[in-house]
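Structure first, then comments.
The values are calculated or read from the model by the stated rules, or taken from the named source; none is laboratory data. A quick note: this is a predicted structure, and the numbers were derived from the prediction, not measured. Counting neighbours? That spans all protein chains shown, and the Cβs are built from the backbone with ideal geometry, glycine included. All accessible areas refer to the heavy atoms of the entire protein, side chains included, with ligands and DNA or RNA removed. Shrake-Rupley method; radii C 1.70, N 1.55, O 1.52, S 1.80 Å.
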Amino acid sequence: MEITIGTIKGRHELPVDCYLIEDSELDFNTAGKVAYTAAEELFSAAESGTTINLYITGLTRVTLAVVAAFTNAAWQRADKKLTLKIWEFNAQIKDYDHTTTYQNSFALHTNSIQTSARICYY
């Protein structure tokens, strides 16, 4: 299964089916917490084998909150294979570009983070 979502509706036009956060007038100070909670719910409900394509809008605290929620979900449910792909707008090509992939494995404590440059194990 594959899900294509954006971080915040209304900030930028994104090629997505839905958004983690529907309120474009989100308070800057609570944006991270709102994003974390929404992402936590998404990852919890996702079936094993799901790939989530996340189109980000540039609000760093929201992106970091989603990655943190994914990391926590990966540790809590190592039996649920999930993939999070981050897509960013590339001004040089004037289109969205896949930049980073986060993926957990079936075995506890063998979670990995894949990026276009390397794989880091922690």
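Tabulated data
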| item | result |
| --- | --- |
| Estimated [θ] at 222 nm from DSSP helical runs (n ≥ 4, -39500 (n - 2.57)) normalised by residues in the chain, nearest 500 | -8500 deg cm²/dmol |
| Spin-label pair ILE3/ASP79, simplified geometry with 7 Å Cα→Cβ offset, distance in nm | 2.0 |
| Segment 46-106: Cα Rg divided by the 2.2 N^0.38 Å rule of thumb | 1.20 |
| Amide H partners (placed H, <5 Å) of THR57, local residues excluded | THR7, ILE8 |
| Spin-label model distance (nm) - SER24 vs SER44, 7 Å beyond Cα toward Cβ | 2.9 |
| In degrees, nearest ten, helix 60-76 long axis to first principal axis of the chain (Cα) | 20 |
| Segment 1-59 - accessible surface per residue (Å², probe 1.4 Å) | 55 |
| Within the chain, longest stretch free of exposed trypsin sites (Lys or Arg not before Pro) [DSSP loop, at most 12 other beta carbons within 10 Å] | 1-93 |
| Angle between the chain longest axis and helix 31-45 axis [Cα atoms, degrees, rounded to 10] | 50 |
| Summed residue charge, Cβ within 13 Å of LYS94's Cβ, Lys/Arg positive, Asp/Glu negative | -4 |
| Loop sites in segment 1-110: GluC sites (Glu not before Pro), DSSP, at most 14 other Cβ within 10 Å | GLU13, GLU22, GLU25, GLU47 |
| Value in Å of the Kirkwood radius, where the chain supplies the Cα pairs that are averaged | 14.6 |
| Carbon and sulfur %, accessible surface of the chain computed with the full protein complex present, 1.4 Å | 51 |
| Shape of segment 1-56, Cα gyration tensor, a/c cut at 1.5 | oblate |
| DSSP-loop chymotrypsin sites (Phe, Trp or Tyr not before Pro) across segment 1-96, with at most 11 other Cβ within 10 angstrom | PHE28 |
| Over the chain, relative contact order from alpha-carbon pairs under 8 Å, at least 6 apart, % | 20 |
